[in-house]
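The values are calculated or read from the model by the stated rules, or taken from the named source; none is laboratory data. Predicted, not measured: the structure shown is a model, and the values here were computed from it. Positions of Cβ are backbone-derived with ideal geometry, glycine not excepted, and every protein chain shown enters the neighbour counts.
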Amino acid sequence: MTRITALAATTAASALLFGCTTDGQAPNALSAATPTAAEVAAVPATSGSVDNFMLADTDYMGHELYRSDAKVIVLISHANGCPIVRNLAPKIRALKAKYEGQGVEFLMVNSAVQDSVDDIAKEKAEYGFDVPILKDSNQLVGEQLGVTRTGEFFVVDPKTWKVVYRGPLDDRLDYGSQKAVADHNWTADAIEAALAGRQAMAATKQSPGCLIDFPERGKVAQISYAKEVAPILEKKCASCHTEGGIGPFALSSYEMAKGFSPMIREVLRTDRMPPWNVDAHVGKFADDKSLSPAEIKTLVHWVEQGAPRGAGPDPLVASAKKRVVQQWPLGKPDLILEIPAYTIPASGVVDYQRPVVANPLTEGKWVKASTYVVSQRQGVHHFLSGYLKEMPADGKGNESRWGASMGGYAVGAESTLWPKNVGTYLAPGGAVGFQAHYTPFGKEATDKSLLGLYFYKDGEKPGLMMRNSVVVDNTIKIPAGEARHKETAYIDVPKEMLLYSAFPHAHYRGYASDLWVQAPDGTKTRILAMPRYDFNWQREYTFAQPLKIAAGSKLIANYWYDNSKKNPANPDASKTIVWGDQSWEEMFYTAIRYRWTDETSAKQVEYDKLMDETRLLGMFDDNMDGKIEVAEFKGELGDKLKPYFAQMDQNKSGAVENSELMAALKMMGGMRRREQATQQPAAPAPAAKPAAGGGR
């Protein structure tokens, strides 16, 4: 028994006798036995029901309440340091073991303002809680449920989202005693009743847990629309929600904000808006589009107050008149390239298009920014681009031929900006190739998109070079029906680099993603966490300060996929899914922008080639031991290589090392080229001369 566990055991009796608050102070016996004023005032925002929410757990995995196929959901209030809730850990494990197989989902919710995610994770491990603990940083979920103490159990019926039971686990713990065995198992009885479709019996007492402080409960004065709400909407929302913007409606007046106020509350509580999907507890990012906790609570509380108009002029009306959606938000580009027009059909499947545009430059330029202007936003999923030294003879700008990137586009990520004194060289002549993903949206439409490039001025040559790469895994294999399938890939970093940004990308089944750095000594640091991936909004996340990555490190990406029926965007939960271009297939693709610390624009290096030499190993090597076991050969490529495992394992170690993998691929590439050469079609026979006097 650890010291902290022993201490908890010895103090549990006194805590049970008097009750306790989360700051360790014991209230008097009377206040412990009767509800406090806060508990009386703690009325859920919706009578007897739970509105949808999305919160991340201590592993930065998102949990959306309504995205569940459970028959019953049990929510349990939690706070660190409380002997009462710690004492419940074995009972919660037993309850989960008994009912999880019957379709009951268990989640703990921590609304305590003093508990950090890291501290909750430590407490979770220390006391063996085996259910996710969700961090309710803004206290909105706890407020809605009316939580006042730890150890409160809320049994929810997902058919109606009604709370069918609220109270303690049982009557084993009381303010004055601790029974060896409970006489009344109220939560278990409520679960049984909900599973059977019966009404649950109410508990005869409240939870004996520790009080949780909700500073704003019952203290929020009437919120001013003009002074508090409208400035937030103007600053953080109106640039997209304006006439001609990418938002579906314009926040141009109080009436518009009031009319959409229920949706504003919903998208904030489910973390769908703003479209900034990285977790605030991991990393710091430039141009952060998220709302602060204070801003979120102001907007949600205003809606819950009935979205009152109040006194004062309407700031949104005045600002809406000044808002103009600019074609080129960064100003007029130095070079505008017209992407070849493409007619998107009303329905059907459109293969990736790879058009090319001739580069008209007669002298080289250093690129510092790029912006796409997309004419058919509904039909364009993304653009990627890269420089080609020569115009391809077949007119196709395949990615395998690309050099430096000229930026990309996805919804919410129209522009790419290079840091000061960092650029990408665009040589004269040649061409710019594009990867274009078009998606039919119900009517035929012709897209005529543009790419604008911004250059450093003559004489302002940047001293440093930006490079682009990707942590990719085209060997992914996602089983049918699996709700949290995990895939891992990495790239080795051969020389010291500065990492500027990351751009996670998956398709409809993408659920969550993160990015880690593993240092040469084996220590791992999470640098980006995306608890809930949103296919509809894709963007690059630029670190507030570039991260120095030591030579010999690994960049490790993890993706989780939801291929189950409870994924509303899943095209078909019955199919095993592998890598593919189309959105109903899947991808594992984290694009990165970086520079080598000892590279300058005048002294360029070839370190990218070193990184590419271990890329395939990083795709297959899921357990990250530096070699590939036979079971790790998966996906289409793995299926092709697996029959040759014994031949590739030249040193008979039972695993394929990277040098052996590279040798096998080199040999197979040579065989393929020889095979293609022998299969060239024969030259056509000379045409027969027409007979004399004849002809056609």
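Structure notes:
- Remark: Ser400 matches the filter, which requires a residue to be free of Cβ contacts under 8 Å to residues at least 12 places away in the same chain, under 28 Å from the mean Cα position of the chain (by Cα) and more than 23 Å from Lys420 (Cα to Cα).
- Hey, Lys368 of a type in the set (Lys, Arg), in contact with a helix residue (DSSP H, G or I) (Cβ under 9 Å, 6 or more places away or on another chain) and assigned by TED's automatic domain parsing to the domain that holds Gly430 or not: no
- Candidate set from the stretch 183-200 (those that are closer than 14 Å to Thr160 by Cβ and buried (at least 19 other Cβ atoms within 10 Å of the Cβ)); member that is modelled with the highest pLDDT: Ala194
- Residue within the stretch 225-234 that is of a type outside the set (D, E, K, R) and either touching a Cys at 6+ places or on another chain (Cβ under 8 Å) or under 25 Å from Val113 (Cα atoms) (or both) present: yes
- Number of residues in the stretch 251-266 that are farther than 23 Å from Gln144 by Cβ, of a type in the set (A, V, I, L, M) and not in a loop (DSSP other than H, G, I, E, B): the value is 1.
- Verdict on Gly348 being within 26 Å of Glu243 (Cβ to Cβ), loosely packed, with under 14 Cβ neighbours inside 10 Å and small (Gly, Ala, Ser): no
- Top-ranked residue of the stretch 232-243 - restricted to ones that are of a type outside the set (Asp, Glu), touching a Lys or Arg at 6+ places or on another chain (Cβ under 9 Å) and part of a loop (DSSP other than H, G, I, E, B), ranked as farthest from Thr298 (Cα to Cα): Thr242
- Enumeration of residues in the stretch 342-368 that are in a loop (DSSP other than H, G, I, E, B) and either of a type in the set (Phe, Trp, Tyr) or under 32 Å from the mean Cα position of the chain (by Cα) (or both): Pro345, Ala346, Ser347, Gly348, Val349, Val350, Asp351, Tyr352, Arg354, Pro355
- Here Val303 meets each of (1) touching a Gly at 6+ places or on another chain (Cβ under 7 Å); (2) of a type in the set (Val, Ile, Thr); (3) farther than 26 Å from Tyr454 by Cα; (4) not assigned by TED's automatic domain parsing to the domain that holds Glu444 with one exception, condition (1).
- Candidate set: the stretch 225-271, residues that are of a type in the set (Lys, Arg) and more than 29 Å from Val373 (Cα to Cα); chosen: the one farthest from the chain's Cα centre (by Cα): Lys227
- Among the residues of the stretch 373-404, those identified as in a loop (DSSP other than H, G, I, E, B) and either in contact with a helix residue (DSSP H, G or I) (Cβ under 8 Å, 6 or more places away or on another chain) or exposed (fewer than 15 other Cβ atoms within 10 Å of the Cβ) (or both) are Ser375, Arg377, Lys389, Glu390, Pro392, Ala393, Asp394, Gly395, Lys396.
- Sole exception among (1) out of contact with any Gly (no Cβ under 9 Å at 6 or more places or on another chain); (2) within 24 Å of Ala655 (Cα to Cα) for Glu629, by number: (1)
- Asp492 vs. criteria in contact (Cβ under 8 Å) with a residue 40 or more places away in the chain and either of a type in the set (S, T, N, Q) or buried (at least 23 other Cβ atoms within 10 Å of the Cβ) (or both): no
- Here Leu211 fulfils each of the conditions (1) of a type outside the set (D, E, K, R); (2) in contact with a strand residue (DSSP E or B) (Cβ under 6 Å, 6 or more places away or on another chain); (3) within 27 Å of Ser68 (Cα to Cα) apart from (3).
One line per residue, one yes/no per condition, for (1) within 30 Å of Tyr533 (Cα to Cα); (2) at pLDDT below 95; (3) in contact with an Asp or Glu (Cβ under 7 Å, 6 or more places away or on another chain); (4) acidic (Asp, Glu):
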{"site": "Gln327", "(1), (2), (3), (4)": "yes, yes, no, no"}
{"site": "Ile344", "(1), (2), (3), (4)": "yes, no, yes, no"}
{"site": "Val349", "(1), (2), (3), (4)": "yes, yes, no, no"}
{"site": "Leu361", "(1), (2), (3), (4)": "no, no, no, no"}
{"site": "Gly379", "(1), (2), (3), (4)": "yes, yes, yes, no"}
{"site": "Val411", "(1), (2), (3), (4)": "yes, yes, no, no"}
{"site": "Ser415", "(1), (2), (3), (4)": "yes, yes, no, no"}
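- Whichever residue in the stretch 290-311 is buried (at least 17 other Cβ atoms within 10 Å of the Cβ) and free of Cβ contacts under 8 Å to residues at least 60 places away in the same chain and, among such residues, is nearest to Pro231 (Cα to Cα): Leu291
- All strands (runs of 3 or more DSSP E) inside the stretch 407-451 with 2 or more residues being among the polar types (S, T, N, Q): 415-417
- Residues (under 16 Å from Val220 (Cβ atoms), among the small types (Gly, Ala, Ser) and assigned to a loop (DSSP other than H, G, I, E, B)) located in the stretch 267-309: Gly306, Ala307
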